Amino acid sequence: VQLQASGGGLGQAGGSLRLSCAASGTIFRINTWNWHRQAPGKQRELVAGITSAGSTNYEDSVKGRFTISRDNAKNTVYLQMDSLKPEDTAVYYCCANWGPSNYESWGQGTLVTVSS
């Protein structure tokens with residue numbers, strides 16, 4: 001499975017950005033989608049996840065500001081980021097668990113920079 005992330009770029013504090021990640025190369029369903037991020041000098045962290053049933057989870061610092069959603073017909077996941085903060089600056093990675101053996105694939109990362 002190949003994952004292609006898009007939508008990163010420069011945002012302003014208080015503004016919004018929307019990330020997308022599309023999966024290709026599989027006939028299997030994507031079970032769980034996750035977005036991770038890695039800020040400069042910090043470890044990668046899980047930002048948000050969504051299961052095949054639509055259940056979501058969020059890292060505490062993004063709750064109420066970020067929304068993860070998925071379009072199963074398009075094998076795509078989205079991350080709507082509102083009320084951006086400079087501390088949201090990071091490379092964002094999408095990750096998919098797919099197939100009956102729950103294989104894992106990662107996207108290439110997309111840079112989000114939030115200016116104050």
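Assorted remarks:
- Long-range Cα-Cα pairs in the chain (distance over 19 Å), rounded percent: 40 percent
- Percent accessible area from carbon and sulfur atoms, segment 11-74, protein chains only, probe 1.4 Å: 47 percent
- With the charge dipole of the chain set up from +1 on Lys and Arg Cβ and -1 on Asp and Glu Cβ about the Cα centre, the Cα lying farthest toward the positive end among the listed residues Pro100, Val47, Thr113 is that of Pro100.
- The charge dipole of the chain, taken about the Cα centre with unit charges on the Cβ atoms of Lys, Arg (+1) and Asp, Glu (-1), comes to about 120 debye, rounded to the nearest 20.
- Where labels lie 7 Å past Cα in the beta-carbon direction, separation of Glu59 and Asn102 in nm: 2.2 nm
- Nearest-0.05 FRET efficiency for Ser24 and Ser83, computed from C-beta distance (R0 35 Å): 0.65
- At a probe radius of 1.4 angstrom, the accessible area of the chain per residue rounds to 52 square angstrom.
- Gain on full stretching of the segment that runs from Asn72 to Ala13 - 0.36 nm per residue minus C-alpha separation: 18.1 nm
The values are calculated or read from the model by the stated rules, or taken from the named source; none is laboratory data. Quick caveat: nothing in here was measured; it's all calculated off a predicted structure. Glycine also receives a Cβ, built like all others from the backbone with ideal geometry; neighbour counts cover every protein chain displayed. SASA here: full protein model, heavy atoms, side chains in, ligands and nucleic acids out. Shrake-Rupley method; radii C 1.70, N 1.55, O 1.52, S 1.80 Å.
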